[in-house]
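First up is the structure itself, then whatever we jot down about it.
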Amino acid sequence: MSKSKPNPISIESETISIKEIMQLRTDDEVNSKSEYNDNNVDEQDGKGDEHTNKKMCNRRHTKQQIAEMEALFKECPKPDKKKIKELSDKIELEPLQIVFWFQNRRTQLKNQDQHSKNLSLRDEYDKLRTEYAWLSEVVNNGCPNCSDHGFHLGEIPDNEQHLSLKNARQEEEVVHISRQHIAEVIRAAMYELLQMSQMGEPLWLPNNDLNIEEYKRKFPRSNDPKPNGIKTSASRESSLVTMNHINLVKIFMDTIYAEFQVPSPQIPNRHCYFVRSCNKIVDGLWVIVDVSLDHTPITRCWKRPSGCVIQQISNDISKVTWIEHIEAHDTLIYTFYKTFVNSSLAFGAKRWISILDRQCERLASVEATNLPQNNITHTLSIDKERRKSVLKLGERMIINYISGVSGTKTHKWTTFTGSGYNINDLQVKTRRSINDPGRPRGLVLCASTSIWLPVLPKLLFDFLRNENTRGKWDILINGGTIQEVTHIANGMEIGNSISILRVNCPNQAPNGMLIIQESISDPTGSFIVYAPIDIRAIDMILCGGNPDVVPLLPSGFAILPDGPSGSTNHEISDYSGSFLTIAFQILVDNVPTANISPQSVAAVDKLMFCTINKIKNALFLNF
């Protein structure tokens, strides 16, 4: 995902090595080893018992399950499928879990046996070394009863080097076994994902949400107790997208870490580690499966078998069926937002398939020919390469806007913690821009907040993106009017475009500043993001210049539906209102090391308060 950025709004991904994957499993492996030694642990004092009980809370299997598996292991270290099935029914564990347990148990005994042999060989080696030293001295010094002074033997072999080679071989064996475990997990997840993509009711409800009880019956797994605050959700969605199936597969390759975002300061990001596998089933049919190896403590989100099935329909059309099955903490989410977050509109299949569909349309729009030919200087035509540069600039603007609202590992902001300035539940962050391409040098402030409005998302989107109604809410244009100079369509939906706007202020001479605005919408959310831009920068981009070096401070709006109603199709008309996120990014000081002043926070708080009131008044929302 990270290479082609199919979802710049929601996901930022990075690749980690197999060693880092193994590190995520360290705690679980330690717990597993402690389980094997349960029968050899003597009772200790009260403090020791407390420590043992604390460790037991983290174990995968119960004592009874371990005892049953130990008993069978003593009888048969390598049971056949029949014995595994019988044991599975008896102790209520999946056969695959039992197979893993036996593999790990055999590996442990093998390592213990190897360790004992190494100690025995070391003792024997030390004896031989002593004898060798004595014989070497005799031979080199010659026999005391004759005149023969002997000859020098070769150097003694390096014992440390020998042991180092042995350790390296053992480490390779452990890595090999671990990779086998990961492969088994992926195979099981692939099977589950394919089955879930093909099944209908009763596994899937009419609204494409998962029937949890039916899922447990179809795919039985261990009922380990979950930590408090864990919420399980699953959803499925299908769509035809305008992209070749091979190109789609390339988009999803190599991602095993993701940061999922909802554009609101009140909804925390979700960080998730998982293994991703891309597999060709037959010609024209690919399956991409994601699955977390375990509940690692470093994240608050884990993937059960999830992913997508990609089917070729024609050369440029593919059918994508997306399944998102996750477990995540929801204790940090405001109650007001939980209905929305737990639906497929926030972190579910509906949102990811909508964003993928929109991104494919965006890429296809680069090749379009039925676009406006006018521009800023009225002397250049907006050809394919120039459209591509403008679209890239708009994409970066959206990414920077989201980073200011939600914060990411890649784009880090510092939250301002000064008291007394949260009049409108305002979140204030700062960023020191020194050598930051695409941002002006200095101290940048980002202020954001989210509110609920009893207005349908589509109506709110049309109102805020329309240049003819902008004067009703934008106090920064000082009573001027907005003129659209040109726009570039970035999708099939009406209103999805990048616009170049000019501000015409009465009694003021033109200052050479324009506004670049991107408007995008799909069934799960909308954005109107804009930033002031110099006319020379626009001309530079239209002449083939690099859009990445143009400094931008994006502000604007993110519109989210307030959650699905009783309807089953999740269309825009099914919502009773909207969550509106408003964000402003402002350069408050040209010196990056400067400190934020109370006056700056008070000024941006006033700007936010006035903007919200103007929007409510313009929409006749007197509350």
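Here ASP462 meets each of (1) surrounded by fewer than 18 Cβ atoms within 10 Å (Cβ to Cβ); (2) within 23 Å of TYR337 (Cβ to Cβ); (3) modelled with pLDDT of 85 or more with one exception, condition (2). Scanning the range 525-543 for residues that are at pLDDT 90 or above, more than 16 Å from ILE494 (Cβ to Cβ) and not hydrophobic (A, V, I, L, M, F, W, C) turns up GLY525, TYR530, PRO532.
Please report, ordered by residue number, the strands (runs of 3 or more DSSP E) entirely within the range 477-551 with at least 3 residues that are closer than 30 Å to ILE434 by Cα. Show your work before the answer.
Details: elements: 481-489, 497-504, 513-522, 525-534.
Hits in the range 477-551: 497-504, 513-522, 525-534.
Conditions (1) outside any helix (DSSP H, G or I); (2) at pLDDT 85 or above; (3) within 16 Å of PHE579 (Cβ to Cβ), marked per residue:
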residue	(1), (2), (3)
THR331	yes, no, no
PHE347	yes, yes, yes
ILE355	no, yes, no
GLU367	yes, no, no
THR377	yes, no, no
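Checking the structure you have, find out if any residue of the range 440-452 is among the charged types (D, E, K, R) and closer than 30 Å to THR593 by Cβ. Checked against the condition, which is being among the charged types (D, E, K, R) and closer than 30 Å to THR593 by Cβ, the range 440-452 yields at least one hit.
Based on this model, can you work out whether VAL282 counts as over 17 Å from the mean Cα position of the chain (by Cα) and farther than 24 Å from SER526 by Cα? For VAL282, the condition - over 17 Å from the mean Cα position of the chain (by Cα) and farther than 24 Å from SER526 by Cα - is met. Restricting attention to the range 315-366 and to residues that are of a type in the set (Ser, Thr, Tyr) and more than 20 Å from the chain's Cα centre (by Cα), the residue that is nearest to LEU248 (Cα to Cα) turns out to be SER318.
Matching residues to (1) of a type in the set (D, E, K, R); (2) part of a strand (DSSP E or B); (3) modelled with pLDDT under 80:
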site: LYS226; (1), (2), (3): yes, no, yes
site: SER233; (1), (2), (3): no, yes, no
site: ARG236; (1), (2), (3): yes, yes, no
site: LYS250; (1), (2), (3): yes, no, no
site: SER264; (1), (2), (3): no, no, no
site: ILE267; (1), (2), (3): no, no, no
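Quick one: which residue in THR481, THR486, THR469 is in contact with a Phe, Trp or Tyr (Cβ under 8 Å, 6 or more places away or on another chain) and either buried (at least 21 other Cβ atoms within 10 Å of the Cβ) or not assigned by the TED database to the domain that holds LEU345 (or both)?
On the way: THR481 fails: in contact with a Phe, Trp or Tyr (Cβ under 8 Å, 6 or more places away or on another chain); THR486 fails: in contact with a Phe, Trp or Tyr (Cβ under 8 Å, 6 or more places away or on another chain).
Unique residue meeting the criteria: THR469.
Does VAL444 satisfy the condition of being farther than 30 Å from SER365 by Cβ and surrounded by 14 or more Cβ atoms within 10 Å (Cβ to Cβ)? So VAL444 fits the description; yes. Restricting attention to the range 596-615, the residues that are in contact (Cβ under 8 Å) with a residue 60 or more places away in the chain and not in a helix (DSSP H, G or I) total 1. Within the range 410-423, restricting attention to residues that are loosely packed, with under 12 Cβ neighbours inside 10 Å and at negative phi, the residue that is modelled with the lowest pLDDT is SER419.
Restricting to the range 503-524, name every residue that is polar (S, T, N, Q) and either buried (at least 23 other Cβ atoms within 10 Å of the Cβ) or at pLDDT 90 or above (or both). Write out each step before concluding.
As a first pass, look at the range 503-524 and keep what is polar (S, T, N, Q): 504, 507-508, 511, 517, 519, 521, 524.
Matches in the range 503-524: GLN517, SER519, SER521, THR524.
Candidates in the range 424-441 are the residues that are under 26 Å from SER497 (Cβ atoms) and touching an Asp or Glu at 6+ places or on another chain (Cβ under 9 Å); of these, the one that is surrounded by the fewest Cβ atoms within 10 Å (Cβ to Cβ) is PRO437.
The values are calculated or read from the model by the stated rules, or taken from the named source; none is laboratory data. Predicted, not measured: the structure shown is a model, and the values here were computed from it. Neighbour counts are summed over all protein chains in view; Cβ atoms, including those assigned to glycine, are modelled from backbone coordinates with ideal geometry.
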